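*Asks:* Handing you this structure, nothing more for now.
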Amino acid sequence: MCGIVGAIAPQDVSPVLVEGLRRLEYRGYDSTGVAVAPQAGTLCLRRAVGKVAMLQQRLDAAPCVGPIGIAHSRWATHGGVTEANAHPHVSGDRIALIHNGIIENYVELRSELVAKGYAFASETDTEVIAHLVHDHVKLGLDLTAAVQQAVRRLTGAYAIVVFDAQQPDRIVVARIASPLVVGLAEGANYVASDVQALLPVTKRFQFLEEGDVADIRRDSVTIFDADGHPVQRPVHESSLSADAVERGEYAHYMLKEIHEQPRAIADTLSERIVSDHVLEAAFGPRAAQVLPLVQQVHIVACGTSYHAGLVARYYLEQGARIPCTVEVASEYRYRNPVVMPGTLFLAISQSGETADTLAALREARKLGYVATAAICNVPESSLVRESDLVLMTRAGPEVGVASTKAFTTQLAALGLLGLAIAQRRGIDRRIVALYTRQMRQVPEMVEHTLKLDAAIRGWAQAFSDKHHALFLGRGPTWPIAMEGALKLKEISYIHAEAYAAGELKHGPLALVDHDMPVIAVAPNNTLLEKLKSNLQEVRARGGRLFVFADPNTGIEPSEGVDVITMPDHIEPLQAPLVYTIPLQLLSYHVAVLRGTDVDQPRNLAKSVTVE
């Protein structure tokens, strides 16, 4: 996700702007820029391709000093990685504007503005907004009114921050489906896409709501709702510290990253979903050309990412009605695969540097796929640079070797891909809208699920002296059982395996006894009765069951059956993401009891860059 920072103060704001960008570097970006008004009627602009350090070098060589300014770090969507495409964008030597999100109708607006005589210096959708605002201010509107008029013309997702060098008394912001927060201070005010950017200067924040437009001045903030009426938004006092230890209150990075998942999933969905549909431009500038050609999808990945791909098969086949195959990258590259016409090759990797996955991608580029695509967490990675389409997961840094938030954000991104393909294949718009709403509900459901932590910690005692465990699931939660088993073996060193529950009678039942705990994932879906029969097979052989169950399954605690009740109303699309959380927490607490190195388990690496 791109980074936004803005400031209006009595003194020079450029140090605040640059520091804010530095604090947002974890999001990933490819270019940066800053615009400042040194005095009324003048505008100072500096932009650079590369890291914030490159922008700082530009500013050291030619400073931009002034009491009002905006800054941005960009991840390219419309237009390549060039200085001309970097933000801020300027119109009429007076309007400076930055933007997160995607404007769907920018081509139509661009044509209209060209007809009015506007010349475009970039390939971006953002420059359209700058010229649109300028078109209104030159008619005599003040900046706030001009922005209110301009956003009425926009279709898509956006967080906009703009100032007018000829009216340098205010910054005006607006948002739809993309976060913005206002930071409040004595004699100065700020704006950013993330609280983290502003912690050095304030701990008091107002979070803007959907459709809000805000007029931000040194000594006041006036917020208007989508209908143009003045509204009050609550002021929140942040408990975060600008210099807090990175791990904060958590004993391990893994636990911290488990609890970061509501935010990480929300960030992954942000700016990609608007109202009742997915913005396919989120997959890159070639998405509109490629997606109509896709007739089937071939997913290649390793480890946890492979499990995400197995879930995606259900999303794509059941939701988008398109064939999907999934395989391990280390096998694919030696298999001489047959590629059917219209097949999209999709690689999934947290780091984007996984050797087997990269080798598979490079092999795939020779084999006649309609295009290659990547789902990844690292914008600068080789996988991202070498793929035709890209969707970033926005998990932020993941320090723990055992993947947590990288996995759930992969699931969220794969859900978006399934919806984007469904839209292109003409699936009933009402169904797409329903699934879109369900995806938007996931972060809140994950937040509720994290409250089960104490109960799960209580279960961990029953596992701490065990040597083996069996995980069961059916349908799209079978890969979640596989991921749960992988987590337990990775960090606690307990041998764990996962099976589709219907496979129990074909061999695994021979292992079941009182000393092998059996963990089951039991959402309320069409396979529930089948799963309940499978669980009875375990009990009949003396196995002890630990079941994460939907409240409507009718599965109750009894002798040899422990049950933790999940939040109500988890839909099938949501279940893989939500049921992942308790399995992560169970593995974590078992590992802590066993005294293993949770964040750096033996023999494993975060990014596997060798074959």
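Bear in mind these aren't lab numbers, they're just calculated from the coordinates by the rules spelled out. Computed from a predicted structure; not experimentally measured. Virtual Cβ from ideal backbone geometry, glycine too; neighbours counted across all protein chains shown.
*Asks:* Take Ser275, project a point 7 Å from its Cα along the Cβ direction, then tell me which residues of segment 189-214 have their backbone nitrogen under 14 Å from it.
*Replies:* 211, by backbone N distance to the label point.
*Asks:* Tell me, Trp459, Trp478 in order of fewest to most beta-carbon neighbours within 10 Å?
*Replies:* Taking fewest neighbouring Cβ atoms as first place, the list is Trp459, Trp478.
*Asks:* Evaluate the distance, in nm, between pseudo-label points positioned 7 Å from the Cα of Ala510 and of Arg457 along their respective Cα→Cβ axes.
*Replies:* Placing both labels 7 Å beyond Cα along the Cβ direction yields 4.1 nm.
*Asks:* Once you measure Cβ to Cβ distances between cysteines in the chain, which Cys have no partner under 4.7 Å?
*Replies:* Cysteines lacking a close Cβ partner in the chain: Cys2, Cys302, Cys324, Cys376.
*Asks:* So, one more: Over segment 39-172, how many percent of alpha carbon pairs lie in each 10 Å bin up to the one with the longest distance?
*Replies:* 12, 44, 35, 8
*Asks:* Taking a quarter of the surface of the Cα convex hull of the chain, what do you get in nm²?
*Replies:* It is 27.7 nm².
*Asks:* On a C-alpha basis, how far is the centre of segment 556-581 from the centre of segment 24-78 in Å? Whole number, if you could?
*Replies:* If you average the Cα positions of each part, the centres end up 47 Å apart.
*Asks:* Now, a different point. Multiplying the sequence separation of Glu237 and Asp597 by 0.36 nm and subtracting their Cα-Cα distance, what value in nm do you get?
*Replies:* Going from the current span to full extension adds 126.1 nm.
*Asks:* For a quick check: with amide H placed at 1.01 Å from N, whose amide H comes under 5 Å from Ala373's, ignoring anything fewer than 5 positions away on the same chain?
*Replies:* Phe345, Leu346, Ala347, Asp388, Leu389
*Asks:* Among rounded, prolate and oblate, which fits segment 253-449 when a ≥ b ≥ c are the square roots of the eigenvalues of its C-alpha gyration tensor, a/c under 1.5 means rounded, and a/b larger than b/c means prolate?
*Replies:* Here segment 253-449 falls in the oblate category.
*Asks:* Further question on the same structure: How large is ³J(HN,Hα), in whole Hz, for each residue of segment 561-571 in order, when computed from phi with the Karplus curve 6.51 cos²θ - 1.76 cosθ + 1.60 and θ = phi - 60°, using x for Gly and Pro?
*Replies:* Here the 3J(HN,Hα) series is 10, 9, 10, 10, 7, 7, x, 6, 6, 8, 7 Hz.
*Asks:* If one computes the Cα centroid of segment 472-502 and of segment 231-308, what distance in Å separates the two points?
*Replies:* Result: 24 Å between the Cα centres.
*Asks:* Per the Kirkwood treatment, what hydrodynamic radius in Å, one decimal, follows for segment 3-237 from the mean inverse distance over all distinct Cα pairs?
*Replies:* Its Kirkwood hydrodynamic radius stands at 17.2 Å.
*Asks:* Enumerate the calculated ³J(HN,Hα) couplings along segment 581-597 in order (Karplus 6.51 cos²θ - 1.76 cosθ + 1.60, θ = phi - 60°), each rounded to whole Hz, writing x wherever the residue is Gly or Pro.
*Replies:* 4, x, 5, 5, 5, 4, 4, 4, 5, 5, 4, 4, 5, 7, x, 7, 7
*Asks:* Cα gyration tensor of segment 140-276, axes a ≥ b ≥ c as square roots of the eigenvalues: rounded (a/c below 1.5), prolate (a/b > b/c) or oblate?
*Replies:* oblate
*Asks:* Between Arg217 and Glu123, 0.36 nm times their residue separation minus their Cα-Cα distance comes to what?
*Replies:* Roughly 30.7 nm would be gained on extension.
*Asks:* Okay, next question. Through the Karplus equation 6.51 cos²θ - 1.76 cosθ + 1.60, θ set to phi - 60°, convert the phi angles of segment 535-552 into ³J(HN,Hα) values in whole Hz; use x for Gly and Pro.
*Replies:* 5, 5, 4, 5, 4, 5, 10, x, x, 9, 9, 10, 10, 8, 10, 4, x, 9
*Asks:* Under 1.5 on a/c is rounded, so check that first for segment 282-399, then, if it is not, pick prolate when a/b is larger than b/c and oblate when it is not; a ≥ b ≥ c are the square roots of the alpha carbon gyration tensor eigenvalues.
*Replies:* rounded
*Asks:* Report, in cubic angstrom per residue, the convex hull volume of the C-alpha atoms of segment 131-202.
*Replies:* 93 Å³
*Asks:* Give me the percent of DSSP beta bridges within the chain that run antiparallel, rounded to the nearest 5.
*Replies:* 60 percent
*Asks:* How far apart, in nm, are two points set 7 Å out from the Cα along the Cα-to-Cβ line at Asn105 and at Phe207?
*Replies:* That separation, rounded to one decimal, is 3.0 nm.
*Asks:* A further question on this structure: For every other residue with a beta carbon closer than 15 angstrom to the beta carbon of Gly309, add +1 if it is Lys or Arg and -1 if Asp or Glu, then tell me the sum.
*Replies:* In short, -4.
*Asks:* Determine the relative contact order of segment 253-449: mean sequence separation of Cα pairs under 8 Å and six or more apart, normalised by residue count, in whole percent.
*Replies:* Worked out over segment 253-449, it gives 31 percent.
*Asks:* Ala500: net charge of surrounding residues, Cβ under 11 Å, Lys/Arg +1, Asp/Glu -1, itself excluded?
*Replies:* The answer is +1.
*Asks:* So the label point goes 7 Å from the Cα of Glu112 along Cα→C-beta, right? Which residues of segment 151-187 then have their backbone N under 14 Å from it?
*Replies:* 151-156
*Asks:* A further question on this structure: Taking Cα pairs under 8 Å and at least six residues apart, what relative contact order does segment 226-360 come out at, in percent?
*Replies:* The value is 22 percent.
*Asks:* Need one number: the % of Cα-Cα pairs in segment 427-546 sitting beyond the 25 Å mark.
*Replies:* The answer is 31 percent, as a whole percent.
*Asks:* Here's something else I'd like to know. Calculated FRET efficiency, Asp225 and Thr526, Cβ-Cβ r, R0 35 Å, to nearest 0.05?
*Replies:* The value I calculate is 0.25.
*Asks:* Provide the packing ranking of 594-604, 544-554, 112-122, i.e. peptides ordered by the mean count of other C-beta atoms within 10 Å per residue, highest first.
*Replies:* Highest-to-lowest ranking by the protection proxy: 544-554, 594-604, 112-122.
*Asks:* Moving on. Quote the Stokes-Einstein diffusion coefficient, in whole µm² s⁻¹, for segment 168-233, based on the Kirkwood radius over alpha carbon pairs, a temperature of 25 °C and a viscosity of 0.890 mPa s.
*Replies:* D, rounded to a whole number, is 207 µm²/s.
*Asks:* Please report the relative contact order for the chain, taking Cα pairs under 8 Å with a sequence separation of at least 6, and give it as a percent rounded to a whole number.
*Replies:* 11 percent
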